[in-house]
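To keep things clear, I will list the structure first and then write my remarks on it.
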Amino acid sequence: MNKIFVDACFGKETPYTPVWMMRQAGRYLPEYMEVRAQAGNFLNLCHDPKKACEVTLQPVDIIGVDAAILFSDILVIPDEMGMDLSFVKGEGPKFSDPIRCEADLDRLIGGEEAASKLTYVYDTIKLIKEQLAEDKALIGFTGAPWTLATYMIEGEGTKTYNICKKMMYSNPELLHKILAKVTEVVKFYMEKQILAGIDVVQIFDSWAAAIEPSKYDEFSWKYMVEIADYLKAKYPHIPIIMFPKGIPAFLDKVYGNFDVFGVDWSTPMAYAKEKLGSKYVLQGNMEPCRLYSKESTTECVEALQNIMGGKRHIFNLGHGILPDVPVENAKHFINECHRVSGK
Ligand code: CP3
């Protein structure tokens, strides 16, 4: 069983500290690029359970991570709510008809009906579970309602978040309605991922840092906690990892019924340990660009081991791996995490 990874998420003592990498399936792996080329484009790959299963398993075999992360994308959720998602080469994700008013929101499908359309995700999970080694865990995931809403409102990635922030300060009721509708879909979506077989849930709030600290709870964290509460009430055996990126000023105020706090690379691990280490298991947090140098990687892994002492910790990057990292350096990171923690 995948007991070691799940035990580590619950803060139990384990023989070694497990490790996985955010965006572990991706453009840095030639094997991934080959399957993506066969699929034609990225979204086709997400929609094809057989191929999505194959690329999910690649990093387990190739770089030796302790947990697989489901291959999909956070933006399949708004896509199935009725927004038309495309990935434009070199520009990233785009929605042709962004949500700017109540009528835009009303035409979106909500709740269980939207979650039921993501059958290809659940089929992918079932296939992965048939093939994943017994001692590896499968991590399912969602975007946080706030991070999803930034794409739904802006229509694409943004540096300024000006359209969502205009809504935040001049029409907060509408933003809350959007967040509440997304939250309902995500609750059912994650429940269906659990029923299909995932072992662990991670909630990515990649754009947490766009919100000023005094507003973060109101517009993001409380919705993430609502999702965690819903899942914990029904599935207490499934650990939940919260990953809000770049919010050191909020660490004093973190609350909620979840198990692991994912520390991003801009937050010092010792600081996170002081603020949250007794309440939550900490995940992280090597700066992903250290992967460009094996020496810098080793230095960071050893420092993390010194700070955490192999207790209540899961090794990971402090955000996603970049496409031009050499595969052997990614492997080196995993090997070093295992070496220092005694695997
Ligand atoms: O970690 C994993 O391997 C699991 C798969 C995964 C992907 N996206 C695959 C993907 C996960 C967990 C995500 C989450 C995701 N998607 C987030 C949150 C996590 C984070 O990194 O902060 C966000 C913000 C997105 C939205 C998204 N999808 C963006 C901004 C992009 C990049 C667009 C680009 O062209 O650079 C994607 C595409 C994407 N999702 C890729 C992968 C492997 C690259 C697509 C490709 O093969 O070209």
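Looking at Ile198, Ile139 in this structure, which one is within 19 Å of the chain's Cα centre (by Cα) and either at positive phi or in a loop (DSSP other than H, G, I, E, B) (or both)? Before you say what the answer is, go through the steps one by one.
Numbers: Ile139 fails: either at positive phi or in a loop (DSSP other than H, G, I, E, B) (or both).
Residue meeting the stated conditions: Ile198.
Select from segment 145-185 the residues that are hydroxyl-bearing (Ser, Thr, Tyr) and within 16 Å of the ligand (Cβ to nearest atom) and list them in ascending order.
Thr147, Thr150, Tyr151, Thr158, Thr160, Tyr161
Are any residues in segment 97-126 among the small types (Gly, Ala, Ser) and either assigned to a helix (DSSP H, G or I) or open to solvent by 40 Å² or more (accessible area, probe 1.4 Å) (or both), and if so, which ones?
Across segment 97-126, the qualifying residues are Ala103, Gly111, Ala114, Ala115, Ser116.
For the list (1) touching a helix residue (DSSP H, G or I) at 6+ places or on another chain (Cβ under 9 Å); (2) outside any helix (DSSP H, G or I); (3) surrounded by fewer than 22 Cβ atoms within 10 Å (Cβ to Cβ), I need the number of the one condition that Phe188 fails.
Here Phe188 clears every test but (2).
Being under 30 Å from Glu328 (Cα atoms), away from the ligand (no atom under 16 Å from the Cβ) and in a helix (DSSP H, G or I), is that true of even one residue in segment 274-287?
no
Please find, among Lys94, Lys129, the residue that is in a helix (DSSP H, G or I), in contact (Cβ under 8 Å) with a residue 12 or more places away in the chain and more than 9 Å from the ligand (Cβ to nearest atom).
None of the other options fit; the residue is Lys129.
Is it true that some residue in segment 66-86 is among the charged types (D, E, K, R), within 18 Å of the chain's Cα centre (by Cα) and near the ligand (Cβ under 9 Å from one of its atoms)?
yes
Kindly list the number of the only condition in (1) under 23 Å from Ile240 (Cα atoms); (2) open to solvent by less than 10 Å² (accessible area, probe 1.4 Å); (3) more than 9 Å from the ligand (Cβ to nearest atom) that fails for Ile4.
(2)
Which numbered condition in (1) over 20 Å from the mean Cα position of the chain (by Cα); (2) part of a loop (DSSP other than H, G, I, E, B) is the only one that Glu218 fails?
Here Glu218 meets the rest and fails (2).
Thr56 versus (1) at positive phi; (2) open to solvent by less than 20 Å² (accessible area, probe 1.4 Å): which is the lone unmet condition?
(1)
Across segment 304-324, what is the total count of residues that are assigned to a loop (DSSP other than H, G, I, E, B), away from the ligand (no atom under 15 Å from the Cβ) and within 24 Å of Tyr28 (Cβ to Cβ)?
The qualifying residues number 0.
The values are calculated or read from the model by the stated rules, or taken from the named source; none is laboratory data. This one's a predicted model, so the numbers in the text were calculated from it and none came from an experiment. Here the Cβ is made from the backbone with ideal geometry for all residues, glycine too, and neighbour counts use every protein chain on show. Ligands, DNA and RNA are excluded from the accessible area calculation, which covers all protein heavy atoms including side chains. Shrake-Rupley method; radii C 1.70, N 1.55, O 1.52, S 1.80 Å.
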